[in-house]
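Below: the structure, in structure tokens.
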Amino acid sequence: MGKEKPSAGTVSSATPTSATITRDVTSQTVSIVTGFLDRMGMSQHIPQNCDTKDFYSDLIRGSIKVNTVQRGRISCLLSVKPALTNAYGGLHGGAVAAVAEIISIACARTVVDEGKELFLGELSISYLSAAPRNAELMVDGSVIRSGRNLTVIAVEFKLKESTRLTYTCRATFYNMPVASL
């Protein structure tokens, strides 16, 4: 006999909303997925002191220390504070993305005129190895290409202690307004 398949309907959990479950998902799969999400804290409420404008941005910015700024290059030190870690104790992927975006913008600003706005068109990240809680990472951004309409930045995250590469990122910015041809 096959596994029981639930009918289309809703499944309630500790989360404030209900999910629609399609007929092709087994009740066992639903149980596994909702259990995982609950263990990751999906059913927990955001503490009042964290539910403020720019809280996450302030948390990220408070963990970065700028070392050097040169034309086309920027180097920083990132402290992996407990507030930036995931359920497994490594630097949270969202924190990696936020830092990569900030460093990429700063790096692009070293070569793009102030009169042009930067529009982030793409951010790709390779998560090679987790950076553990309380580690320090060297974060280096460099311009790969910058033209009239497009700027591409590479960002590398390395453990300060061992120089092991943990994350690599590439950001593509559109320089606005677009230059006339």
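Here is how the numbers come out for the structure above:
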item: Meets criteria (at pLDDT 80 or above and on the phi < 0 side of the Ramachandran plot) for residue 2; result: no
item: Any chance residue 131 is under 26 Å from residue 117 (Cβ atoms) and either of a type in the set (Gly, Ala, Ser) or in the same structural domain as residue 70 (by TED's automatic domain parsing) (or both); result: no
item: Test: residue in segment 102-109 that is assigned to a helix (DSSP H, G or I), crowded, with 16+ Cβ neighbours inside 10 Å, touching a helix residue (DSSP H, G or I) at 6+ places or on another chain (Cβ under 8 Å) and outside the structural domain of residue 36 (by TED's automatic domain parsing); result: yes
item: Single match in 153, 144 (criterion: buried (at least 16 other Cβ atoms within 10 Å of the Cβ) and either over 20 Å from the mean Cα position of the chain (by Cα) or β-branched (Val, Ile, Thr) (or both)); result: 153
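Rundown of residues vs (1) small (Gly, Ala, Ser); (2) modelled with pLDDT of 70 or more, yes/no style:
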position: 7; (1), (2): yes, no
position: 19; (1), (2): yes, yes
position: 26; (1), (2): no, yes
position: 31; (1), (2): yes, yes
position: 37; (1), (2): no, yes
position: 70; (1), (2): no, yes
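The values are calculated or read from the model by the stated rules, or taken from the named source; none is laboratory data. Bear in mind the structure is a predicted one, so any value in this text is a computation, not a measurement. We place every Cβ from the backbone using ideal geometry, glycine too, and count neighbours over all the protein chains shown.
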